[in-house]
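Everything below concerns the one structure shown next.
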């Protein structure tokens, strides 16, 4: 049985995701800050199981205010929800390149209190070693 089938049946599944964080950082460093936030929120939804509402709230706290980018985050979340619903109903997947995502059911992971309270200023202090 696959991990997806186990997850659909309510079993606990652990995913091992190997990322080249250095490569990802290089790919994102030339983007404007709000575009980096947009990419991070899409990752949170597709891989980490965040809901579109939580991802949008975090994007806004981190300064993403461009309406088209916020709309993209919301639309991407809706697409992931559709992909998940189609997958669990055993229907053919409409978007083959996106067929692996979301890895976890949308909204199945609730951000921690620290993540929900994070702002650009708070993260900057944390990275500088001056935790609030």
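Key figures
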item	result
Residues being touching a helix residue (DSSP H, G or I) at 6+ places or on another chain (Cβ under 9 Å), at pLDDT 85 or above and within 18 Å of residue 41 (Cβ to Cβ) - total across segment 80-132	14
Segment 58-79 residues that are on the phi < 0 side of the Ramachandran plot and in contact (Cβ under 8 Å) with a residue 40 or more places away in the chain, paired with ones that are in a loop (DSSP other than H, G, I, E, B) and buried (at least 16 other Cβ atoms within 10 Å of the Cβ) (beta carbon under 7 Å, 6 or more apart)	61/118
Residue among 24, 73, 8 that alone is modelled with pLDDT of 85 or more and either touching a strand residue (DSSP E or B) at 6+ places or on another chain (Cβ under 8 Å) or surrounded by 12 or more Cβ atoms within 10 Å (Cβ to Cβ) (or both)	73
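One line per residue, one yes/no per condition, for (1) surrounded by fewer than 18 Cβ atoms within 10 Å (Cβ to Cβ); (2) touching a strand residue (DSSP E or B) at 6+ places or on another chain (Cβ under 9 Å); (3) part of a helix (DSSP H, G or I):
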| position | (1), (2), (3) |
| --- | --- |
| 38 | no, no, yes |
| 44 | no, no, yes |
| 78 | yes, no, yes |
| 93 | yes, no, no |
| 100 | yes, no, no |
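The values are calculated or read from the model by the stated rules, or taken from the named source; none is laboratory data. On a predicted model such as this, the values are computed, not experimentally measured, just so you know. So basically every Cβ, Gly included, is an ideal-geometry build from the backbone, and we count neighbours across all protein chains shown.
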